[in-house]
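Everything on this sheet refers to the single structure shown next.
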Amino acid sequence: MDDCLQYFMDDLIARGKSANTLSAYKNDLDKFIAYLKNEGITDIADVSETRVNSYLLELEKNASTRTVSRNVASIKAFFRFLDHKRIINSDICYNLKGPKIVKSNRITLSDNERELIYNAVDGDDIKSMRDRAIISLLLNTSIKVSDLVLIQVKDINMVASCVTVSSSNKAVTLNDKVKRDISVYLEQHDNYTDESYLFSSKQDKPLTRQGVWKMIRAYGLKAGINKSINPKMLTN
């Protein structure tokens, strides 16, 4: 199954998909394949529509409607590709439907705008590295700012690729991009302990929620985005 996923990712790369799109597909499908393996399924041809629906029902217990909908799209695209390449006999996800997302007038950011905000952090000083790691974490996980500012160094587990959120004691998966940005930041911020807050000020005090909001808005303006930006618009 891992070979099938790599084949699919290589095809997406060849078709010029953005880094954020590639990361979203990889994260969704890594979790799906891990679930299948845990259920004793090692051959992609043995996956049934019922099994896929069971996974999505499990996902719905802890994920937002938008996250479930994105996972449905990722899984459908994966099986459509496998069917097209004749790796499987038929597309078992052809009729798979995601949860209905209620539209609102909430202002959102496009993938391109999200990327522009990330790229607006162009310095190589410790503050820029910290800000880049913060934005990377918000862009690639569902962590709230109120939880982000309370993350301690000991909460990061690079081996397991996750961070433990203290408010819920749940582990949130980190992709390679986030791990790299956090690692680069910590390599320069060498005067910390396990008990230190991951993201601190010059005075080694934890950042405030308001401070992060102000920082995000500043990078939004620097990126030339004419919207009232807040951190919630960055989270996936």
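The table below lists the values:
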read-out: Equivalent ellipsoid semi-axes, the range 1-127, via Cα gyration tensor eigenvalues times 5, rooted, Å; value: 29, 19, 14
read-out: Correct choice for Cα extents along the principal axes in Å that was computed from the model, options (i) 60, 39, 33; (ii) 76, 33, 26; (iii) 50, 39, 36; value: (i)
read-out: Rg(Cα)/(2.2 N^0.38 Å) for the range 78-187, N = residue count; value: 1.40
read-out: Estimated vicinal HN-Hα couplings, Hz - the range 174-189 in sequence order (Karplus 6.51, -1.76, 1.60; Gly, Pro = x); value: 10, 7, 4, 5, 5, 4, 5, 5, 5, 4, 4, 5, 5, 4, 8, 8
read-out: Relative contact order %, the range 111-233, counting alpha carbon pairs below 8 Å whose residues are six or more apart; value: 30 percent
read-out: Rounded to whole Hz, the Karplus (6.51, -1.76, 1.60) HN-Hα couplings of the range 48-60, x for glycine and proline; value: 10, 4, 4, 5, 4, 5, 5, 4, 5, 5, 5, 5, 5
read-out: Under 5 Å, built H, 5+ apart or other chain: amide partners of residue 162; value: 157, 174
read-out: Share of alpha-carbon pairs per 10 Å distance bin for the range 118-163, given as whole %; value: 24, 53, 23
read-out: Relative contact order [Cα under 8 Å, 6+ residues apart], the chain, whole percent; value: 18 percent
read-out: Amide proton proximity set for residue 152, modelled H, under 5 Å, gap of 5+; value: 198
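Throughout, read-outs are computed from the coordinates displayed, never taken from laboratory work. Only a predicted model underlies this, so the values are computations on that prediction, with no experimental measurement involved.
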